[in-house]
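My questions will all concern the structure given below.
Readers should treat all values here as calculations from the given coordinates under stated rules, not as data from a laboratory. Everything numeric in this text was worked out from a predicted model, so none of it was measured. So basically every Cβ, Gly included, is an ideal-geometry build from the backbone, and we count neighbours across all protein chains shown.
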Amino acid sequence: MNILIIGGGITGTTLAQLCEEKGIAFRVVEKGNNECSQMAAGILNPMVFRRMNLSWRVEEMMETAVAFYRKMEQKLGGEFYRQVPIRRLIASEQEAGYWTKKQHLPVYSDFMKAQTQEDLEFPSEKNTFGTGIVQQSGFVNAREYIPAQWKWLAENEKLETAAVDYNAIDPEKGTYQGEQFDYIIFAEGKDLLKNPWFSYLPLEATKGELLTIEAPSIPQTESLNRKCFMFPIGNAQFRVGSTYDFGADNTVITEEGKRTIMEQLTSVTDEPYTIVDQQAGVRPTVSDRRPLLGKHAEFPKLVVANGLGTKGYMLAPLLMEELLAHLEEDVSLHPETAISRFGRV
């Protein structure tokens with residue numbers, strides 16, 4: 001099998017590495033200025049804090065993701081994944097009730113640490129309803145990870161740094177610039193909005209801004225979370241964010257974005273800090289908050305892999321395994337990811 005992957009973000013590079021493992025011939029076309037994956041926070045958070053629920057398919061997602069990134073560290077020669085607990089500063093009596101109710105349930109206990117008196121009395125003026133620790137959480141250093149993937153792809157002559165030319169694709173034959181492929185997989189993030197074959201899907205560009213701050217008085221041993229995330233990246237620095245600007249398709253940093261994050265940060269800490277950097281990216285998000293995977297109904301050699309959203313680094317390893325199984329062995333996709341849910345079957 002021979003696959004062309006359009007896009008070299010977290011989805012495309014994960015696909016590439018899985019193809020390499022399976023002995024599948026592949027090539028990646030990446031425009032070289034990724035506007036999402038390289039700017040992403042890269043957080044692996046097994047919880048959804050609004051009602052203290054577990055993230056979708058969390059056990060299999062987390063197990064597969066952590067194993068994949070550890071393997072990538074060995075292969076690419078870097079340290080990209082760091083396991084860091086999240087301390088949730090509980091935001092309301094209702095939220096406190098959810099935590100108390102769920103922390104001892106078997107399905108939750110691997111990810112929610114039972115609260116201790118120390119957690120309830122966490123020494124912070126922002127601690128109004130107690131705190132709780134999320135276990136098995138962590139983050140991928142996206143700013144180093146994606147360039148390391150591109151470097152490996154280039155060294156192995158698997159990377160073409162160029163914008164995709166849709167006019168050079170024959171959707172029926174599965175050719176690109178005259179070269180034959182079994183499948184052409186579009187893992188192009190928000191650029192899917194311009195794709196001639198998959199733009200009917202309900203994908204939306206969602207801009208997000210992040211700050212990097214330096215705060216020497218705050219310990220680097222855990223991530224803090226309420227209204228925003230604040231996770232340690234070393235050298236007394238933290239990533240903080242993020243904003244959500246639905247429908248915005250640009251990476252311009254704004255004073256409004258900075259003010260929003262700074263205001264959110266007051267819900268976590270009053271400790272002094274210095275802003276070191278500000279960045280913006282554009283996430284591909286979907287109305288039902290589930291990814292978009294599958295073959296085009298009319299042109300089955302064209303495949304989409306997109307819409308992984310804010311949890312892309314956690315979802316990509318397992319979902320790309322499932323997509324390749326679908327293409328290689330005709331294994332059915334998970335019904336919540338298959339694009340057939342939007343018709344055109």
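What number comes out for the charge environment of Pro85, summing +1 per Lys or Arg and -1 per Asp or Glu over other residues with Cβ under 9 Å away? All intermediate terms of the calculation are to be shown ahead of the outcome.
Working: positive: Arg87, Lys113; negative: Glu222.
Taking every Cβ under 9 Å from that of Pro85, the sum is +1.
Need the list of lysines near Lys101 for cross-linking: C-alpha distance under 20 angstrom, and skip anything on the same chain fewer than eight residues off.
Lys113
Match the structure shown to one of the listed values (i) 1.24; (ii) 1.02; (iii) 1.06 of Cα Rg over 2.2 N^0.38 Å, computed from it, and give that label.
Among (i) 1.24; (ii) 1.02; (iii) 1.06, the one calculated here is (ii).
Given contacts defined as C-alpha pairs under 8 Å and at least six residues apart, what's the relative contact order of the chain, whole-number percent? Write out the running numbers ahead of the final one.
Working: 690 pairs, mean separation 75.8, N = 345.
Relative contact order, the chain: 22 percent.
Provide the three semi-axes, in whole Å and in decreasing order, of the ellipsoid equivalent to the stretch 254-314 as defined by the square roots of 5 times the Cα gyration tensor eigenvalues.
On the way: eigenvalues 290, 28, 19 Å².
Each semi-axis is √(5λ); the values are 38, 12, 10 Å.
Let me ask another. Can you give me the Cα centroid spacing of the stretch 199-220 and the stretch 77-110 in angstrom?
20
Okay, which of the stretch 48-62 sit inside 16 Å, backbone N to the point 7 Å along the Cα-Cβ direction of Lys101?
48-54
Let me ask something additional. With Kirkwood's inverse mean 1/r over C-alpha pairs for Rh, give me the Rg to Rh ratio of the stretch 103-200, two decimals please. List each step's numbers first, then the result.
Numbers: Rg = 23.9 Å, Rh = 18.9 Å.
My calculation of the ratio gives 1.26.
Full-extension gain between Ser217 and Ala168, please, as 0.36 nm times their residue separation minus the C-alpha to C-alpha distance. It would help to have the intermediate numbers written out before the result.
Details: separation 49, 0.36 × 49 = 17.64 nm, distance 5.52 nm.
That works out to 12.1 nm of additional length.
Enter the Cα centre distance for the pair the stretch 325-344 and the stretch 141-192, rounded to the nearest angstrom.
21
Still on this model: Rg and Dmax of the stretch 160-225 over Cα atoms: what are they, in angstrom?
20.1, 60
In the neighborhood of Gln94, defined by Cβ-to-Cβ distances under 15 Å, what is the net charge if each Lys or Arg adds +1 and each Asp or Glu adds -1? Present the calculation step by step, with values, prior to reporting the outcome.
On the way: positive: Arg50, Arg51, Arg88, Lys101, Lys102, Arg226; negative: Glu93, Glu95.
So the surrounding residues net to +4.
Something else now. How charged is the neighbourhood of Leu318? Take every other residue with its Cβ under 9 Å from the Cβ of Leu318, and add Lys/Arg as +1 and Asp/Glu as -1.
Values: positive: Arg57; negative: Glu60, Glu63, Glu321, Glu322.
Here the count lands on -3.
Evaluate the relative contact order of the stretch 207-345 (contact order divided by residue number), counting alpha-carbon pairs under 8 angstrom at least 6 apart; express in whole percent.
Working: 225 pairs, mean separation 32.2, N = 139.
So the answer I get is 23 percent.
In which sequence would Ile185, Ile339 go, from the one with the fewest C-beta neighbours within 10 Å to the one with the most? The partial results should precede the final answer.
Working: Ile185 30, Ile339 23.
Arranged by neighbour count, lowest to highest, Ile185, Ile339 become Ile339, Ile185.
Just list whichever of Lys22/Lys71; Lys151/Lys207; Lys31/Lys227; Lys31/Lys258; Lys75/Lys151 have alpha carbons separated by over 23 Å in the model shown. Don't jump to the answer; show the numbers that get you there.
Values: Lys22/Lys71 15 Å; Lys151/Lys207 27 Å; Lys31/Lys227 34 Å; Lys31/Lys258 28 Å; Lys75/Lys151 12 Å.
Pairs exceeding the cut-off: Lys151/Lys207; Lys31/Lys227; Lys31/Lys258.
I need the P(r) histogram for the stretch 6-161: all alpha carbon pairs, bin width 10 Å from 0 out to the longest distance, whole percents.
10, 33, 26, 18, 11, 2
Can I ask one more? If one puts a single equal scatterer on every Cα of the stretch 196-292 and applies the Debye formula without solvent, what log₁₀ I(q)/I(0) results at q = 0.16, 0.17 Å⁻¹?
These q points yield log10 I(q)/I(0) values of -0.70, -0.76.
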